[in-house]
Every structure is written in structure tokens, then in C-alpha cells.
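The values are calculated or read from the model by the stated rules, or taken from the named source; none is laboratory data. What you see is a predicted model; the values in this text were computed from it and never measured. Here Cβ is always computed from backbone atoms with ideal geometry, including for glycine, and neighbour counts include all displayed protein chains.
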Amino acid sequence: MASKRIVLGTDDRMYLSGDFERSRYFAVYELADGDVQDESFLPNPLQIDDAGRELTDEQRTALLQALGRPDVIITRRIDPELKKALKEAGVEVRQVLDQGRIAVLLFRYVQNQLMDFPEE
């Protein structure tokens, strides 16, 4: 299996953040050979405040660079324009509403068994 970089937005290094752009941290998982090879937590360089200011195109580009060009982003909610920019950059964006499904989705990525994992 080829290596894959998966990024989740998280607020306390345990639970998925409600909004990707407002996340305090990004949990970054490096997957290869059917296992998690590396896990790291990066501060969100562009954390959006509760006032909900919009990201500029330059900020979106900086955000992508800060994430190290992930293969997959898993989130509950994401700004539609950011989602579009990510997809145009070749990033798969998975929106998962249920906290318990996140672990299942990560496991399926590790095991490369995504064909039967429905979108929410």
C-alpha cells in the first residue's frame, strides 16, 4: 500500500473539531504498510476566530502548505470554498458527522477498505 497522509482538525488532541478552519490543532497521520507510521499534532496556523472571518486565497494556500499536502482530510464541517480548493489540489475531503465513525474511517484507511464506507 502506498503511504498516505491523513489530517483531522482537533481541539484537544482527542476529539474532532466541529469546524476544520477553527481547529486548534491538526492531527496528522502517516499511513503505510497497513499501519500508522507516524502521528503528530500541529497548531493550526490560520485558526479562525468565532467571528468567522473568511480565509483569503493566500491563507488557503498557506494552510495547504502547513498541512504538508495531505492526501485526505477528515472533518465534520468545512468552508465550501476551502473544500473546493483542497479538492482542486488533489486532496480527498471526507465529512464525517459522528465521532465514532472517525475511528472506523481511520481504520479503514489503514486497512485500505474504503469501498463500503458510505458518505454522510
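Residues that are modelled with pLDDT of 75 or more and out of contact with any strand residue (DSSP E or B) (no Cβ under 9 Å at 6 or more places or on another chain) were ranked within the stretch 62-81; the one that is surrounded by the fewest Cβ atoms within 10 Å (Cβ to Cβ) is Pro80. The residue of the stretch 18-60 that is nearest to Arg76 (Cα to Cα), among those that are of a type in the set (S, T, N, Q) and at pLDDT 70 or above, is Ser23. In this structure, Val96 does satisfy being under 11 Å from the mean Cα position of the chain (by Cα) and modelled with pLDDT of 75 or more. Mind checking which pairs have a first residue in the stretch 5-21 that is over 14 Å from Val93 (Cβ atoms) and a second that is surrounded by fewer than 12 Cβ atoms within 10 Å (Cβ to Cβ) and modelled with pLDDT under 75, Cβ under 7 Å, 6 or more apart or different chains? Note: pairs meeting the criteria are Tyr15/Gln99.
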